[in-house]
1. For segment 237-299, list the helices (runs of 4 or more DSSP H) that sit wholly inside it and hold at least 1 residues that are over 19 Å from the mean Cα position of the chain (by Cα), of a type in the set (Gly, Ala, Ser) and within 14 Å of GLY203 (Cα to Cα); which are they?
2. Restricting attention to segment 207-235, and to residues there that are in contact with a helix residue (DSSP H, G or I) (Cβ under 8 Å, 6 or more places away or on another chain) and acidic (Asp, Glu), which single residue is surrounded by the most Cβ atoms within 10 Å (Cβ to Cβ)?
3. Could we say that LEU215 is touching a residue at least 24 places away in the same chain (Cβ under 8 Å) and either assigned to a helix (DSSP H, G or I) or not hydrophobic (A, V, I, L, M, F, W, C) (or both) here?
4. Could you identify the single residue in ASP105, ASP186, ASP131 that is touching a residue at least 40 places away in the same chain (Cβ under 8 Å) and out of contact with any helix residue (DSSP H, G or I) (no Cβ under 7 Å at 6 or more places or on another chain)?
5. What number of residues within segment 47-97 satisfy the criterion of being crowded, with 20+ Cβ neighbours inside 10 Å, charged (D, E, K, R) and modelled with pLDDT of 85 or more?
6. In the list VAL50, VAL68, VAL84, which residue meets the criterion of being touching a residue at least 40 places away in the same chain (Cβ under 8 Å) and under 23 Å from GLU167 (Cβ atoms)?
Amino acid sequence: MVEADFGLITQVNSHLFQMQGKMFRPTLLLWAEEATSSPDQRATTLSAVVELIHLATLVHDDSVDHSVLRRGMPTINSLFSHQVSVIMGDYLYSRAVIELVQLNDLEPLRVLSRVTNDMTVGEMRQLLAHDPLEFSEDEYDLLIRAKTASLVSGACEIGALGAAPDERDALRRFGEVLGMAFQIVDDLLDYTEDASVTGKPFGSDLREHKVTLPLIAALPRMRESERRAVSRLLLSPEPSDGQIAEVILAVGEAGGLDYARERALRLAQQADTELDVLQPSAARDALRASITYVIDRRS
């Protein structure tokens, strides 16, 4: 779907193919379709479109964050350039739009245009967090709902386009809270796992001065000396490994990791409840199993 008669795009696409992830979002779309007994011959195309949009956001994110690793491999911006990364992200988005238009159906286009707009707003929201130490949990929720949960929610909703309204709404909500739990667990992994497991540098969020839920929850409970250490790290253009380790230790001792885990578990319970509206089936069981995957994953 992303082939082009242009050498550089072919090279970049080849590298992206090697970085291929677990196809979590397109898989949710296909399970949602099956769980709602709403067969759609376009489901395979729609799931591919969702993955194209996801890839585009990753390519853009890596460029904005100047990340060097993604899934244990060099990012597009580190292997080629930031310019190539931005343009390739745009290309992936445009290919997704072309495929949607060819379906000649406004409904999936309507859902995914809303989703991509939400994700863009989420990115801008993150850039405008001028005082990281004042970044609240409410602001964090708005960020991850837009940046991560919106596409997971959109994938689940599109899988249920042919279902009854109550099932479609339930799967949209399921995807939203599951996506928020996914992002919280992702942010936790940055504090608890190393690069050999996550495929990205240890403490990369802190290195990029990103304040996520573990730190937000820990800050009010930290001693003044620990808050000063956090402030020094956030003011340092290139935090040292020692600074990263010191802050991670302080966040754990202040209960930030435990709070984030509990919050993810509460969201997981909400996601599970949303599935009660669906008829029992193997696909519904698979959707329930995806909740366990999100909570227990290590990469």
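The values are calculated or read from the model by the stated rules, or taken from the named source; none is laboratory data. All values reported here derive from a predicted model rather than from experimental measurement. Heads up, the Cβs are rebuilt from the backbone with ideal geometry, glycines too, and the neighbour counts pull from every protein chain shown.
1. Helices (runs of 4 or more DSSP H) meeting the threshold: 241-253.
2. GLU226
3. yes
4. Being touching a residue at least 40 places away in the same chain (Cβ under 8 Å) and out of contact with any helix residue (DSSP H, G or I) (no Cβ under 7 Å at 6 or more places or on another chain) holds for just one of ASP105, ASP186, ASP131, which is ASP105.
5. Result for segment 47-97: 3.
6. Unique residue meeting the criteria: VAL50.
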